[in-house]
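Take a look at the structure set out below.
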Amino acid sequence: MSARRIVIVNLTRLGDLLQTSPTIAGLRRLHPGASITLVAEKNFAEVCEAIPGVDRVHRLDLDQLGHLLLAGPGKVSEAYRLVRSWVAELRAERFDLALNFSSSRMSAVLLSLLDVPDVRGWAMTRDGHRAIQTPWARLFATMCLNRRVAPFNLVDCYRGVAGCLDAPDGGLAFTIAEAARAAVAERLRAAGVADGTRLVALQLGASRAIRQWPIDAFARVAEDVVAAGSAVALVGAEGDRPLAAELLRVTTASAGQVVDLCGRTSVAELGALLERASLLVTGDTGPMHMAAATRTPVVGLFFGPALPFDTGPYGEDHVVLHAGVACAPCDHAVRCLDPFCRRTLSAELVCAVARARLAGDWDALDAIATRAGSGPVRLFRTGFDARGLFACRALGAVAARPEDHLRAAYRATWLALLAGEPLPSVAPSGLDTAAFAALRELASEGARLGARLGELAAGDATTLPAIERAGREIEVVERSIAEHGRVHPEVAVLTQMFQFEKETMVGESLAELARESSRIHRDLERSAVCMQALLGGRPAAREVENASLRQ
């Protein structure tokens with residue numbers, strides 16, 4: 001059924017907003033003529049104006065709301081009126097489809113107040129409980145808790161939630177105004193960068209210190225770029241200006257060769273500057289996604305909580321270096337006392353990668369990756385698979401790691417269960433699949449008990465003791481499933497997805513709820529069968545065939 005008025009809620013940063021652009025393009029094809037509204041945080045809403053396909057941007061001033069709530073009891077009523085005005089304005093639009101890409105309680109409350117018939121993503125039940133609507137949204141939430149084996153890029157999860165996974169667009173999109181191009185060209189000329197000079201951009205800052213590569217290492221890259229005859233542009237926000245000043249202090253390159261533009265460009269001008277550049281060297285940042293949107297090659301430096309498989313630059317032929325140390329990726333909220341992973345990516349390595357990528361020399365990049373393969377650092381080349389989904393392929397002759405096998409198996413499993421894809425040929429991984437086999441048995445028992453409970457609940461009221469006994473038996477099985485996921489991390493993706501599915505169970509009667517519970521247990525069984533088969537555990541061929549059918 002075609003929607004007429006669509007709202008997308010994404011209250012996060014610049015990069016996350018840019019990553020909605022393929023979803024918006026897909027929605028345009030699925031719902032021609034629909035009006036699309038994007039709800040964004042005021043500080044980052046400027047980028048929304050240049051995302052193709054957006055009809056209206058609704059800005060929420062969350063800073064103002066926070067100040068009111070922190071000002072004390074006297075300002076609570078004013079905060080209430082502010083939120084009430086947001087809700088009234090959005091409700092007046094009478095949206096028939098809402099996509100919530102913000103995993104916050106606040107966004108879920110907001111969506112629950114808009115009275116939209118079709119809500120996908122983070123929502124809330126009438127009694128105030130979390131409800132993550134649609135399997136793709138639940139998968140995204142699951143992978144946020146199990147990122148080491150994340151099988152899909154965030155962009156493709158967004159597309160899955162919106163139902164436009166079968167409408168690939170090929171990349172992020174950002175429209176650059178001619179005025180922004182002209183302003184950037186003039187600024188570069190004023191700084192002594194002649195037209196036609198090759199420009200390499202360096203994004204120095206990051207949202208947190210743990211995600212920031214050392215300035216002395218960036219200075220070494222700037223010197224190498226300048227020695228090769230290119231100019232360097234330092235890009236970033238106002239808060240990155242002290243980092244730029246420090247780089248200019250320690251570098252041997254002259255000020256005329258390194259141009260500090262941190263905090264000196266609008267969002268539109270940042271896009272124009274990155275479009276002008278031949279390469280961006282950056283961590284996992286908003287400008288990285290802007291470069292991907294402007295089709296500028298990226299050398300991405302991923303360490304700490306950054307992982308190339310789920311937040312890598314969404315496009316063709318970017319190069320990502322990942323410091324795959326034992327504790328990677330760390331939790332976003334971690335306070336690391338010794339973030340040694342930042343130094344794992346040496347300046348010499350990054351210089352070599354940047355030179356090879358500027359030259360488009362993939363043979364050299366393969367050779368660099370092969371030499372680095374004995375350590376924790378790996379190099380990846382980004383692109384898309386035959387289905388149009390983001391793919392991050394290892395460069396060089398490097399042996400696969402256990403998490404690589406798990407990630408590939410999870411990717412194939414979810415495509416089978418959520419998108420109806422056939423399972424690929426089994427490629428034995430050498431991993432022990434006993435934990436998946438045991439989970440499969442627990443799920444099968446839960447499905448059997450759920451079906452039995454449904455039969456009892458639909459029967460005579462005198463079966464109450466039997467109903468109570470079946471309910472207790474299901475509780476025992478579900479506790480065992482949860483414990484199994486905690487003890488065996490390789491199956492934690494399946495047990496967490498199962499938990500989110502259980503949270504969204506609905507039914508008008510005990511019999512309906514029991515049948516729904518049986519279905520969810522059966523889905524868990526199917527996913528365990530797929531994983532066991534794909535990792536070389538070889539369950540019966542008929543079971544694999546049944547598991548690959550979309551349910």
For this session: Please work out the Cα convex hull volume for region 74-148 and give it in Å³ per residue.
Result: 106
Seminar exercise, completed: Given backbone amide H placed at 1.01 Å from N, residues whose amide H is under 5 Å from that of residue 317, ignoring those fewer than 5 places away on the same chain, are 382, 383
Exercise. Where a ≥ b ≥ c are the square roots of the eigenvalues of the C-alpha gyration tensor, would you call region 5-162 rounded, which needs a/c under 1.5, or, failing that, prolate if a/b is larger than b/c, or oblate?
Worked result: prolate
For this session: Fewest Cβ neighbours within 10 Å first, please rank 166, 195 accordingly.
Result: 195, 166
Problem set entry | Residues whose placed amide H lies under 5 Å from that of residue 35, excluding near-sequence neighbours | 5, 6
Problem set entry | Shape metrics for region 434-547, restricted to C-alpha atoms - Rg then Dmax, Å | 14.6, 48
Exercise. Using θ = phi - 60° and the Karplus curve 6.51 cos²θ - 1.76 cosθ + 1.60, what whole-Hz ³J(HN,Hα) does each residue of region 310-316 get, with Gly and Pro shown as x?
Worked result: 10, 10, x, x, 7, x, 8
Problem set entry | the chain: angle of helix 76-91 to the longest principal axis, Cα-based, in degrees nearest 10 | 80
For this session: Could you work out, for region 178-399, what percent of all Cα-Cα pairs fall into each 10 Å distance bin, beginning at 0 Å and stopping at the bin that holds the largest distance?
Result: 8, 35, 38, 16, 2
Exercise. Looking at region 129-216 from every direction and averaging, what is the projected area of its Cα convex hull in nm²?
Worked result: 10.7
Exercise. Could you give the length gained on full extension between residue 332 and residue 175, defined as 0.36 nm per residue of separation minus the Cα-Cα distance, in nm?
Worked result: 53.4 nm
Seminar exercise, completed: Under the rule rounded for a/c under 1.5, else prolate if a/b exceeds b/c, else oblate, using alpha carbon gyration tensor axes a ≥ b ≥ c, region 11-99 is classed as oblate
Exercise. What order do you get for 48, 327 when you list them from fewest to most C-beta neighbours inside 10 Å?
Worked result: 327, 48
For this session: Treat each spin label as a single point 7 Å out from the Cα along the C-beta direction, and report the residue 343 to residue 419 distance in nm.
Result: 4.2
Exercise. Dipole of the chain, Cα-centred, from +1 at each Lys and Arg C-beta and -1 at each Asp and Glu C-beta, to the nearest 20 debye?
Worked result: 280
Seminar exercise, completed: Checked against the structure, the computed log10 I(q)/I(0) by the Debye sum over Cα atoms at q = 0.05 Å⁻¹ among (1) -0.30; (2) -0.41; (3) -0.23 is the one labelled (3)
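Read-outs throughout are calculated quantities, based only on the coordinates presented, and are distinct from any laboratory measurement. What you are looking at is a predicted structure, and each value in this text was computed from that prediction instead of being measured. Note that we place each Cβ from the backbone using ideal geometry, even for glycine, and neighbour counts take in every protein chain shown.
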